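So the structure is just underneath, and the comments pick up after that.
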């Protein structure tokens, strides 16, 4: 037991180093989940629940608002960058320092040191965030125990460089197929060229003007792009099929249905024989007008900015819980061999959250 | 020796059956080349030369014109369709019946039975026509002994259903590459989409109006087509490269240089970063205005038609020898498991050629 014990009384940066030295690549989170569960069970003000390698701890103080602090405990594969190393300039290096064991350390420190928060608190530690969405632990908890995730506002402690990232854009991937008729290219007029039929699709994409809507004060930026194109049978054959795969990244003021309808509208009149939705994850509204969110932004002193990429805040949004990202690391350093975090940023984030939850 | 001997006194259809029963898939032509050489060497009016498994036999009568009769002796792989079989309706079945041992039988019959032709004759029997162009025996002879192929007019006895197919179109394949800059598709404005950059290329192709020039009375039909398109990195990445492969089939009044210049002109102004010639074989003029060709068409009573696909007549054209295809089989039956030829067409072709060469 001693070997897996986490000392929640230690400084947030030291605790981050300890968590980094506790490997937990996606799919191998059990030892760390066990250690987190054991540490949380020593705290009498929390009830602790577990589903697989996902651990949820809650206060039950009867406060009028409930806030969720969530973080994933898995990392991408270790690339010779564990154990962690603190250099002379106060930078902590190692796999997960940024994404996102520093955030998990902040969660654990708040859990241990704020026994009487001004809002009821729910701490969520989940697995498999870095792999296929179907394996995502937060999704599994949302499905099996949605009540565990209930709340008025959620903060995901993903690296955001200490700024608040509100909501997230949706992402829709569609395969657009054109068809034709094969023929020998020496007698091309005997066939119909499916690649030529795709010309208007590429024209519409090249001419597309993306929206930049402002929602809750944040300016989003949509995008509609071909991410793949494929067609051709042989060097002397008129091709009978061509597929253009498009990815629509859309602002969270569109629903899933509206996003699909928009893509259909963009390509209306193009000779598309199949319109296949390949992948779809809705966006999430920033919810920054909620009082808890306003107080949070004020407390952390951050400037809210929009989140363009898709994140797990969308899962909270789907449960009716507005959510933001807020964590100490620089997101551009995530998943890199030279992943690192400025150690002083970790207790700094902890302090700001504590101010919000005790002020 | 008896086993490999060919009886050139037999009927052309019987001789075709004998040749079909003498397997000679590409790369395995030596026994048949040996038998052909041995048979030709019994004919005192011919000199015989050999280069690899290619056999060339010539008359030297001092005639003002020289005609080349050429045919390949290899076949595609046998598909359970050897030995040959003559059915009750006079159809000869088997690998090579159509493409082109019936034509080779006609060559051998003319060689054996026309000792004093009105034009000097050159008979060419070559290997590896059905495989990679670099292995083609006619090409090897053209390179090593171009004088063996000298002449005023050439007839390739490829299956053409008893009609004269004049000249052939050229074929040029070019890869057109566009480039861009990768970015995460959630922040597409940080990159540049190479697939979108290919839109004007497909537009030009879709709008292209091919020429149908008339040359020596034959109407050719050009074509410019995408035969492949490829681009994409991953479902969430703005692609930085896209390649459209186009195939230009062009009439024989364009030179190779003119064909390349035309393709460059069609795509002028498109954002193409690389223009790579992937493959190029020039066309061949029909040469039907040559007196020997006119007399030939008259003698065979055929209607000359253009050859759209690329054939070995182009190799003769490159040597300055106008050439046509003329043979007994239906070209649509070539390379098929149920390959066949109407046996009566074989002595019929032989008779027409004899009339032309003795009239």
Pseudo-label separations to other copies for residue B:269 - Cα-to-Cβ vector, 7 Å, nm: 2.1
How much FRET efficiency would the formula 1/(1 + (r/R0)^6) give for residue A:11 and residue A:277, where r is the Cβ-Cβ distance and R0 is 35 Å, rounded to 0.05? 0.15
Please report how far the C-alpha centroid of the range A:144-178 lies from that of the range B:131-179, rounded to the nearest whole angstrom. 63
Classified through the alpha carbon gyration tensor (a ≥ b ≥ c as square roots of its eigenvalues; rounded if a/c is under 1.5, else prolate when a/b is larger than b/c, else oblate), the range B:8-57 comes out oblate
Can you classify the range B:237-359 as rounded, prolate or oblate using the Cα gyration tensor, where a ≥ b ≥ c are the square roots of its eigenvalues, rounded means a/c under 1.5, and otherwise it's prolate if a/b beats b/c and oblate if not? oblate
Antiparallel %, DSSP beta bridges [both residues in chain B], to 5: 75
Nm distances between the label at residue A:190 and the same-position labels in the remaining copies, 7 Å along Cα→Cβ, shortest first? 5.1
Take the Cα atoms of the range B:1-122, build their convex hull, and give its volume per residue in Å³. 108
Which value does Rg/Rh take for the range B:120-218 over its C-alpha atoms, Rh per Kirkwood? 1.22
Overall dimensions of chain B as given by Cα atoms, namely Rg and Dmax in Å: 23.8, 82
One point scatterer per Cα, no solvent, Debye formula: log10 I(q)/I(0) for the protein assembly as shown at q = 0.07, 0.10, 0.11 Å⁻¹ comes out as -0.66, -0.90, -1.02
Cα Rg, Dmax (largest Cα-Cα span) when computed across the range B:249-308, Å: 17.1, 54
Using mean Cβ contacts within 10 Å as the protection proxy, how do A:322-329, A:264-271, B:176-183 order, highest first? A:322-329, B:176-183, A:264-271
Could you list the residues of the range A:111-154 with an amide nitrogen less than 20 Å from a label point located 7 Å from the Cα of residue A:298 in the Cα-to-C-beta direction? A:117-121, A:152-154
Looks like the range B:85-170, by Cα gyration tensor root eigenvalues a ≥ b ≥ c and the a/c under 1.5 rounded cutoff (else prolate when a/b is bigger than b/c, oblate otherwise), is oblate
Provide a whole-number value for the mean count of partner chain Cβ atoms within 10 Å of the Cβ atoms in peptide B:201-214. 3
How high is the FRET efficiency between residue B:290 and residue B:189 when r is their beta carbon distance and R₀ equals 56 Å, given to the nearest 0.05? 0.30
Pairwise label distance in nanometres, residue A:211 with residue A:135, each label 7 Å out on the Cα-Cβ vector: 3.6
Distance between Cα centroids, the range A:324-352 to the range B:1-51: provide it in whole Å. 83
Which order do A:165, B:256 fall in if you start with the one that has the fewest other Cβ atoms within 10 Å? B:256, A:165
Run the numbers for residue B:261 and residue B:147: contour at 0.36 nm per residue of separation, minus the present Cα-Cα distance, in nm. 37.8 nm
Residue order, fewest to most surrounding Cβ atoms within 10 angstrom, among B:75, B:16: B:75, B:16
Inter-chain shielding metric for A:180-188, i.e. average beta-carbon neighbours from other chains within 10 angstrom, reads 5
What FRET efficiency do you get for residue B:34 and residue B:233 if R0 is 35 Å and r is their Cβ-Cβ distance, rounded to the nearest 0.05? 0.05
Partner shielding of B:244-255, as the mean number of partner chain Cβ atoms within 10 Å, equals 2
How would B:147, A:87, A:11 line up from fewest to most surrounding beta-carbon atoms within 10 angstrom? B:147, A:87, A:11
dims of the range A:135-181, Cα set, principal axes, largest to smallest, nearest Å -> 56, 32, 19
Quarter of the Cα convex hull surface for the range B:190-287, i.e. its orientation-mean projected area (nm²): 7.1
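Any read-out appearing in this document is the output of simple, stated calculations on the displayed coordinates, not a laboratory observation. Note that the structure is a prediction, hence the values are computed from the model and not measured. Using ideal geometry, Cβ is built from the backbone for each residue, glycine included, and neighbour counts are taken over all protein chains shown.
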